Every structure is written in structure tokens, then in C-alpha cells.
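Participant: My questions all concern the structure below.
The values are calculated or read from the model by the stated rules, or taken from the named source; none is laboratory data. Since the model is a prediction, treat every value here as computed from it, not as a measurement. When we count neighbours, we look across all protein chains shown, and the Cβ atoms used for this are built from the backbone with ideal geometry, even at glycine. Side chains are part of the model used for accessible areas, which takes the heavy atoms of the whole protein and leaves out ligands, DNA and RNA. Shrake-Rupley method; radii C 1.70, N 1.55, O 1.52, S 1.80 Å.
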Amino acid sequence: MKYTIFLLAIFVLLIQSGCETSNPTTPDDQNDQGQSFSLVVARQQTAWGEVAIYAHDTLRAGYAELLITVKHNGQYVQVSNLQFEPEMAMQGGMSHSTPIDTLFWDAQLQGYQVHLVWVMATYSPGGDKMGDWTVHLTGTIGQDTLDLTLPIEVYYAERVKAFISALDSAKIIAALHISNPEVGLNDFDLFVYRKVMHRFEPVTDLSIEIEPEMPSMGHGSPNNQNPVHIRKGRYQGKVNFTMTGDWVIHTAFYRDGVHIGKVDFPVTF
Amino acid sequence: MMQKVGMIITVFSVVLSVTTSAQQISIVWQVQDVETQRPVPGAICSVDSIAVGVTDSHGKLIVRYTPRRPQLLLAVRKLGYRPWQSQVTVTGDTLWVSVSLVSQPLLLQNIVISSYRSAREQYEQNLLRLSPRSIDQYLAFLPQISIQRRAAMAGEPLVQGMGMKRYEFRIADVPVLPACTDHMDPANTYVEPEALQNVAVQFAQSGGEFAMVHFIPDSPRMGPKQTMWTGQLSYGSVNREVRAYVRSQYQSPTLGFIVDGTYRRAANYRAGGGELIDPSGFRKWNYRIHGIAQLSPQFRLSGVFIGDDGYDIGFAALPMDTRYDRLRLGNLALQYKPVHQTWLREAVFQVFGSRVDHYMDDWKRQVPVHMDMPGHTRVLGGKLTLHSTIAGIPTKVATEYRSEYVHAEMVMYAPDATPMWMPTWPEMSRSVWSVVGQSYVPIASWGTFIPHVEISVAQTRLQRADEIAVLQGLVGDFSPERFQYAWSGGIALEGKILEAVETSLQLLYQQRLLHQSELYGFYLFQSQDGYDYLGNPRLQPEQRWYLNAHVSYARKNGTVVAMIYGNWFMQYVAASRIDIPPMTIGSKGVKQYRNAGTAWNLGLSLAGWFEVLSGLTTGCILKAETGQRSDGLPLPAMSPWTLRTVVRYQPKPWWIEVQGEMAVANRQVARWAGETPDPGYMVWDVEAGWQMLREMYVALGVANVFDQQYHRFSDWNDLPAPGRNVYVTVRGRVQMSMQ
């Protein structure tokens, strides 16, 4: 008899847990690229609820996708006039923002997706602190006000490169994003921005040429497609990796046929 | 010996029981080789000049026949043997005919069975078999085969200049798929000469390829109870090779077994002039269990398992070596042979399988980037073969299904870098179904007309999405599934046109199933021309017309045989350069397999064998090949004029033998395939032996007596051949009869 009660209790628990996991507003749901927002990178309680920022993985310099959820009186809600302002306060006293590609409400995930490029990391490759990233969120939820500053840690990755344009001496930031590199043809995004004061503006009029190379073997690969501009400084192309290992994508930038700079992106998988 | 050579046949058994001749009788033929006492399959038996059937793999044929008169003219013919015929009187309801054929020293054969057996006969095969040195040595004497050496252990046979992509390997009727992308594991690697009965080179019934090289191990025999143990030990100085062979054989009236094994170990060898060829050593085990059982008068079961394990095999001609190379092979056959039916003479059902695991690496080499290249192949299948006599015409029909699996990959280890992986043969499965039919239609008393047709269909599927993606990244989109079919058909005529003149003519049209390297090979580096090779999934099947003719003139004390063959290839598959970056360090570029129009080649050979004096025999074979593509480029692997000769003097129990091999300089080379001109050479071997007892002998020889530095035209990257090699072989056999 006691086994029957025990089994019944487990059954009820399972049913209950099943009800909970059927909630469509969990951030563990996957985005349209099949990736899960499973890591909480920032969370703060408020008088009326909670704000949390999720990511697919540890945040690293370069392109990232975030999910911001706002729970108001137990419900995931939208925020009127939402402002999302990341800021890096550098050790030397200077500060700057970071470019945001897009921000939109995801009804399925009941949160805001933010796609952005972290132009630098909190720590250097050697582990020295270079500054502090924060995210300032503002907006209104009914009668309540959202005004929070959340600290964010971004780790080093060699996915963002900078160069000075040979034409106008502007500082150009380029970030490479390959979602899941594998052998064969890979789609990739290249984000290109110009630094203006402490902000970043999209650069939309470049011709870009890429040449992948495997330095340890001294060979490249054929059938690559140079990236072309899609929107707001985002360029899309294809790169062909003929084997796993350490690759370098040599990237050259041209404006009106004039070579303005080049950077190298290492890719290892 | 003279009597043996001079006579055409020996009849061992005669008429047994007695009945009237007006009734139907059974004629039971047992045909064997007079020298080896082994069965002769494929011999055409006739009664009163009408062919009644062909002997099976055990040399047997049983037919029902209604004699119209008491005297019957019985005859047996088999290319490579002297024809036999005899007049017998019917005195019972069963006529037992046991025929021992004497080999007619052809150096050439054409239709199905190769010249190997006959060539071996030229060297007094029973003694040469007692002191074997390598499979390559035997194969090199075949008129249509050259050996491409990449290492000391075993070379790749080239059949009429065609490499392994264009023909199929079988051992004991089991297809064996090499697992190395660099041809480091041709199937002759897995066969030791002590366990070999025959090598058949077929240009028809070749499994969807242009040819088939079939290594047939010697079979256990059934007979009076007997057990035999054989042991052999050899040593060669040029690479300090030790070779040990042991064999246990048992036979009873209904059961036969052979269990044998060979161990070989060799260090690096020295080429002529003293150059050390490093690395070229190896270690190797080969073992076999082979059994046969007569389950009932109609049913016979036979099975064979062969294992071969090679380790640390140096390939001096290549940038990599073999860490291990393993074969496992098995074949189980059930034979049904009805005694009283005339249309179905024999049915054989077999199930078979083989697997090869090969591991190539370069850890013995000083290279900036080390590599591992494992490869695996599997074959599993079944075959049904029916031998029948329909309307008096012996006919063979066979159908076979096999499932194949192939995969090879490479991992590179650069210093301070992430290991790099890529497929070299994407994981591929292939189902192949084939049907073949062949008849033997007698043409009066002159000869036999042999039509043949074969159809093979294959469904190929690439298995892994990541490997498909990497290949598509290079060659564009293609379907990972591919349906192929290949059919071949042809005719052959063979017979005697004069008393001492035998001739044959064979004409074939063939298509072949494409090789995985040609379809899906991924950056396969070929060190001879220095290019990376890419497959081409859109390749069209290669086809050819094949013509072969031979004529032989045989007298009591000698034979001369001339042969000519020609191939006309269509959609000829060759690699040509494409403009994409190479991958291998030091590679000159990338080539991709393409259909390169047409091509032709032509081969000639002239062979002779003479008994000059009693006990003094001499033989030779002269051969040459040439070929060209439609764009004027020469075909690769074409043999220049090459002469091999042997003189043997055998005043028993001693013998002494001198062998010579010489070739003219090879200037018509395919530079586009990485070939370079080869100088001519002349090499001499000498061997002496003493047969102490009937079952024991010792042989002492010196190969490459003058320590010549040379290589053959086909040797990969002009790999120098071994220099002077002093070798000794001791062999003994113990035989015990049991009651």
C-alpha cells in the first residue's frame, strides 16, 4: 500500500513538473538558430519583479545574442520605450558603447532578443582587467518604472579586430561571426562599424574580400564567397573549411576600389 | 620425367561394372593435374565429339548419357593442358573416368583462367613451390601483369597497365576492398605463396570491373586417412628476412582440413650498390583454417577463414608508412551435385565476408606535420552459382549480392596547433547485385564458342552529413546517393586449327563501376606526380572494348606462344589539373578525375619453353605494351620491352637454376602522371638445391648476383629494387597414414 502511495506521489510530481515545463515563456527555449538561452549572465530583483539577461553561452568579445526577460508581478511582460544601453567604463577613465545590430520582442520566448557586438572584453588575454561592462535598461511597465544598471562580464576572444582606415583615418571595428564552424561551406556574418566618439556607426559601403588559410599547412580553400552588405553594417558570405583545425581568415576592406585596411580572424574548431 | 612430359594423358581408372550399352549410363569424370594431383576445374568433357559438360571446382563432372554403340570416344580439353582423348568400351551402367592432364606450357591464357599456372609449370612448379620467395615473383611472370612496388613487402599488380581502381581483388572468391587510399594494401599482401593454388586473371565475370585478380588458396583434399605436417624456414640476407611456415593437413574420405600460418619479419633492405632503403622493414602474420566435408553424396560443405596481420610496414616510396594492416576473410560454401539429373550439374551457394583495417602514419619520418590515416572496408554478401547442361550446351549462371562499406580519414598534427581532421574517403555504403551467364557451345570437333554476359547494378550512398558538406564545399551540390549500372558482354572462340596449333580469340565490351577515389576522393596526395587528387561525383562510367588473341605452337620438346591484346577505352577516367589551392604541404596543385575522351593500349608477348636436353630446360617471356589518350598523351604504366628467362638443369637429386630479367630503357612515359624515363637493366639470379629425401630439401640462392642498382618501369617514384640477396630455404614434411 505504501508503495502505491509512493508511486502515486511520484506520478503527481511528474505531472506537476510537466505542467511547469510546458510554460511557453521559459528562456530555455531555443531561438530560431536552434540555440538555447540557457545561461543567466545578469539578474536583478526589483520591487515589482525581476529582470534577467540570458545568453547562449559565456559572453565573449564579438557577436552575441541576448534574451532580456522582465517579470512583472509574476508575469513576463513587454516594456514601453525600452532602452538598452551597454557601456564600457575603461580603466583609463574613458568609456564607450558597443554596436547593437537589432533588438526585438520575441513573443515565443516572452522576452527581448538583442543581437549585438561586444567590441572588447572585460579582461585582457593575460587576465588583466581592462574595464567594466554594464547594461543600462530603462522603460515603463504600466505605472512602474524600469531603470536598472546590470554588470556584465565579457571574456576575451579574437573575434573582433580594429584598424585605421587608410582613407580617412577612422577607426574601423570588424567582428566575425560563424555560429558553429564545421568542415564544408559555412555561412558567416561580418559586422563592420566606425567609431564616432563613444558610439559605433554601421559602415555599409565596403567591398570585402576574404581568403581562408591554414597556416600550419600552408594552404587555403576554394569556393569561398566574399561577404556582401545586408543591413546596418552586417555583411554575409560563405567560407569553406576543408578540414578541422586552426584557420585564419584574411579579410581585406575596400571602399570605391581603394584598399583601406585588412585584418586576420583566427577560427579554430 | 621425359615420359611424363611426352605423354598427353594418363588414365588411372577404367570401366568398373557391366551392363548392356543400350541403356542410359552415368559417366563420372574426375580430372586432375598430373604433376600436382590437384583437381582441374573448367575442363570441357565430350563424348563422341559432343561436349557434355565442364568440370566443377573439384575437377568433377557427372552426366547421364545414352550410348548408341558400345565404343565411346571420350575427350577432355582445357586450355593450358594437352588435350586428352580415348576410346573406351561401355560395359556397365556407370563409367568412371579419371583423367590426369599434363600441362601444355603455355605462358598465356585468355578466357578466364590466367597464365599463372602454366608459367609456374615452366619452373618445375613442384620444386619452385617448395622454395617460394614472393607472390610478386610469380605475378611478374604473367604476360598481362606488371608489379608496381612501393615497398618491400608486396607490390600492386597492374593488369594491362590498369591499377586497382579498374579491377577487383578476390581471395577464395571473396571480394577484398583495399582500405588504404595510397594503395599500400593490395590484396596480394594478404596471400603467401605457400598457401596458394592458383591466380586467376579474369577479363569476364569480373564483378562490374574490367578485370578480376583472383587468388585461389589450395584446398584441403579428401581421401584415405592421412595427416601431414610441413615446416619451412627461409632466410634472406638483403633485409635479414626470416620467414617461417607451418602447415597441418588432415584428410579422410569425408573430411579434409588445412591449418597453416606464415610469419615474416624483415629489416630495411639494401638496394644494389648498398643504398639503405629506409624504412622498408615489416612484420607480418598470415594464418588460415580451411575445411571441406562431404555431408552426403549430393552435398559438400567447405569453409575457409584467412587472417593477415601486418605491422610497421615501411613504404620508402611514399611519404607515409603502415602502422598496421589487418584482413579477416571468410567464405562458407554449400555445394549440391545431383547424380541423376542431366540439366543441373552443380549448384553452389556461398556466403562470404571480408574486412580490412588499415592504419597509415608517418611517425618514423622527419616531417613538419605528422599525419594518421586510418581506413576501413567491409564486404558482406552471398552468391549462387548454377552449372547446367541445356540442350547439350554447358552453361553457367551466377548471381551475387554484396554490401560494401568504405571509410578513410586523416588527422594531422602540426606543432602547437589544433589537430586537423578531414575525410579522405567519405563514409560510403554500396549495394551491388550482379548476374552473369556463360555458355560453352562446341563447334564440331574444332573448338568451342563461349558467349558471355554480365550485368551489375550498384546503389551508392554517402552516410555522413559533415563529410557530404565538405565535399560539396569543393565540387558543388551533388546527390549523396548514386545509382550505377555496368554491363559487359562478349564472345570467345578457342580451339585447334592444326594438329600442333591452338588459338583463341576473345572480344568483350565492358562498363565498370567507378571507384570511391574517383567519385568521392578528398585531397588524396599522390607522391609520384606531387598532386592532391579530388573525386568527381558527376563522373560518367568508363567503358572499353577488349580484344585478345593468342596462338600457340606445341611440339614434344617445346612450345611457343604469341599473344596480342588491345583495349579501346571510352569515357576514359584520368585526373587533370584544376585551379584550386592544394592542401598537402609541398603539393604542386590539385587534380580532379574527369572523363578524358578515349584512349587505347596494345600489348604483345612472346613466350617459349623448351626441353633442350634431358633434365635441361629453358623458358622465356618477352613482353611490351604501349598506349595513348585521344589527346596524344601516353598512357601510364605501359611496360617497355622486358625479357625474363630461366635455365634449369636438374640431375636429381640436385638442381641448379639461373634466372635473368632485362628491360630496355623506358622513354615513352606519361609525364602528366608523374612518370619519368627509366634506364634499362639486366639482373641475374642463381639457385641451387638438393633434395635430400623425398619430403625434404634445402635450397641456396643468390638474387641479383651482380648487385645491380635498378628499378622497373612501374616502381613507384623509381624505388630501387633489392640488391644482392643470399637466401637459404629448408623445407621438410612428415606424413602419417592412419587406418
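Participant: Cβ neighbours within 10 Å, averaged per peptide: list B:489-502, B:514-527, A:182-195 in order, most packed at the top.
Facilitator: Averaged packing, sorted descending, gives the order B:514-527, A:182-195, B:489-502.
Participant: Within segment B:636-739, report the chymotrypsin sites (Phe, Trp or Tyr not before Pro) that DSSP leaves as loop and that have at most 13 other Cβ atoms within 10 Å.
Facilitator: Hits after loop and neighbour filter: B:Phe706.
Participant: In addition: Compare the Cα positions of A:Gln108, A:Gly237, A:Ser124 along the charge dipole of chain A (+1 at Cβ of Lys, Arg; -1 at Cβ of Asp, Glu; about the Cα centre) and return the one farthest towards the positive end.
Facilitator: A:Ser124
Participant: Then there is this: Just to be sure I understand: if I project the alpha-carbon convex hull of chain B onto a plane and average over all orientations, what area do I get in nm²?
Facilitator: 30.3 nm²
Participant: Something else: Compute the Rg/Rh shape ratio of segment B:605-739: radius of gyration over Kirkwood radius, all on alpha-carbon atoms.
Facilitator: 1.12
Participant: All other residues with a Cβ under 15 Å from the Cβ of A:Leu146 taken together, and with Lys, Arg as +1 and Asp, Glu as -1, what is their net charge?
Facilitator: Local charge sum for A:Leu146: -2.
Participant: Once Lys and Arg get +1 and Asp and Glu get -1 on their Cβ, which of B:Gly689, B:Tyr565, B:Gly281 lies farthest toward the positive end of the dipole of chain B?
Facilitator: The one lying farthest along the dipole's positive direction is B:Gly689.
Participant: Select from B:Pro297, B:Val246, A:Ile178 the residue farthest towards the positive end of the dipole of the protein assembly as shown; place +1 on Cβ of Lys and Arg, -1 on Cβ of Asp and Glu, and compute about the Cα centre.
Facilitator: The one lying farthest along the dipole's positive direction is B:Pro297.
Participant: With just the Cα atoms defining each centre, how far is segment B:217-259 from segment B:391-423? Give it in Å.
Facilitator: Using only Cα atoms to place each centre, the spacing works out to 32 Å.
Participant: Something else now. State to the nearest 20 debye the size of the charge dipole of segment B:694-739 about its Cα centre, where the only charges are +1 on K and R beta carbons and -1 on D and E beta carbons.
Facilitator: 300 debye
Participant: How many partner chain Cβ atoms sit within 10 Å of a residue's Cβ in peptide B:574-584, on average, as a whole number?
Facilitator: Counting Cβ atoms of other protein chains within 10 Å of each residue's Cβ and averaging gives 3.
Participant: According to the Cα gyration tensor, what semi-axes, each the square root of 5 times an eigenvalue, does the equivalent ellipsoid of segment A:25-152 have, listed from largest to smallest in whole Å?
Facilitator: Over the Cα atoms of segment A:25-152, the semi-axes work out to 25, 18, 12 Å.
Participant: Ok, one more. So if we plug the beta-carbon distance of A:Met197 and A:Ser169 into 1/(1 + (r/R0)^6) with R0 = 22 Å, what FRET efficiency do we get, rounded to 0.05?
Facilitator: 0.90
Participant: Give me the number: length gained by fully extending B:Met692 to B:Asn557, i.e. 0.36 nm times residue separation minus the C-alpha to C-alpha distance, one decimal in nm.
Facilitator: Between B:Met692 and B:Asn557, full extension yields 45.7 nm more.
Participant: In addition: Once R0 is set to 45 Å, what does the formula 1/(1 + (r/R0)^6) return for the Cβ-Cβ distance between B:Tyr311 and B:Ile564, expressed as a FRET efficiency to the nearest 0.05?
Facilitator: Result of the calculation: an efficiency of 0.55.
Participant: Could you name the aspartates and glutamates whose alpha carbon sits less than 12 Å from that of B:Lys383, not counting residues in the same chain fewer than 8 places away?
Facilitator: B:Asp173, B:Glu400
Participant: If I stretch the segment between A:Thr46 and A:Ala107 completely, what's the gain in nm (0.36 nm per residue apart, minus their alpha carbon distance), one decimal?
Facilitator: Length gained between A:Thr46 and A:Ala107: 19.7 nm.
Participant: Shifting gears a bit: Suppose each label sits 7 Å from its Cα in the direction of the beta carbon; what would the A:Thr204-B:Val728 distance come out to in nanometres?
Facilitator: Once both label points are built, they end up 9.1 nm from each other.
Participant: Using Cα positions and a limit of under 20 Å, work out the aspartates and glutamates in reach of B:Lys496, with same-chain residues fewer than 8 apart set aside.
Facilitator: The reachable aspartates and glutamates, counting only those whose Cα sits under 20 Å from B:Lys496, are B:Asp48.
Participant: Which angle between 0 and 90 degrees, to the nearest 10, do you get for helix B:465-475 versus the longest principal axis of chain B when only C-alpha atoms count?
Facilitator: 70 degrees
Participant: Consider all pairwise Cα distances in chain A and report the whole-number % of them above 26 Å.
Facilitator: The answer is 51 percent, as a whole percent.
Participant: Equivalent ellipsoid semi-axes for segment A:160-268, as square roots of 5 times the alpha carbon gyration tensor eigenvalues: give them largest first, rounded to whole Å.
Facilitator: Equivalent ellipsoid of segment A:160-268: 25, 14, 12 Å, largest first.
Participant: Using the alpha-carbon centroid of each, what span in Å lies between segment B:656-727 and segment A:160-201?
Facilitator: Their Cα centres are 65 Å away from one another.
Participant: For B:Ile50 and B:Trp433 in one chain, what is 0.36 nm times their gap in residues minus the Cα-Cα distance, to one decimal in nm?
Facilitator: Stretched out fully, the B:Ile50 to B:Trp433 stretch lengthens by 134.4 nm.
Participant: Past the 56 angstrom mark, what percentage of all C-alpha to C-alpha distances in the protein assembly as shown do you count?
Facilitator: The proportion of pairs with Cα distances above 56 Å equals 32 percent.
Participant: Separate question: Which aspartates and glutamates does B:Lys588 reach when only Cα atoms under 12 Å apart count, and residues fewer than 8 places away in its own chain are ignored?
Facilitator: B:Asp529, B:Asp532, B:Asp579
Participant: Among the listed pairs B:Lys78/B:Lys165; B:Lys60/B:Lys337; B:Lys337/B:Lys396; A:Lys195/A:Lys262; B:Lys165/B:Lys591, which have their C-alpha atoms separated by more than 19 angstrom in this model?
Facilitator: B:Lys78/B:Lys165, as the Cα separations exceed 19 Å there.
Participant: Additional query: Between segment B:175-199 and segment B:296-369, how many Å separate their Cα centres?
Facilitator: Here the two parts' Cα centres lie 8 Å apart.
Participant: Can you list the residues in segment A:161-196 whose accessible area drops by at least 40 Å² when all protein chains are present, compared with the chain alone? Use a 1.4 Å probe, heavy atoms only.
Facilitator: A:Val183
Participant: If you wrap a convex hull around the C-alpha atoms of segment B:177-325 and split its volume per residue, what is the figure in Å³?
Facilitator: For segment B:177-325, the hull spanned by Cα atoms encloses 139 Å³ per residue.
Participant: Taking the Cα centre of chain B as origin and charging only Cβ (+1 Lys, Arg; -1 Asp, Glu), how large is the dipole, in debye to the nearest 20?
Facilitator: 1960 debye
Participant: What FRET efficiency comes out for the pair B:Asp466/B:Asp718, r = Cβ-Cβ distance, R0 = 41 Å, nearest 0.05?
Facilitator: 0.60
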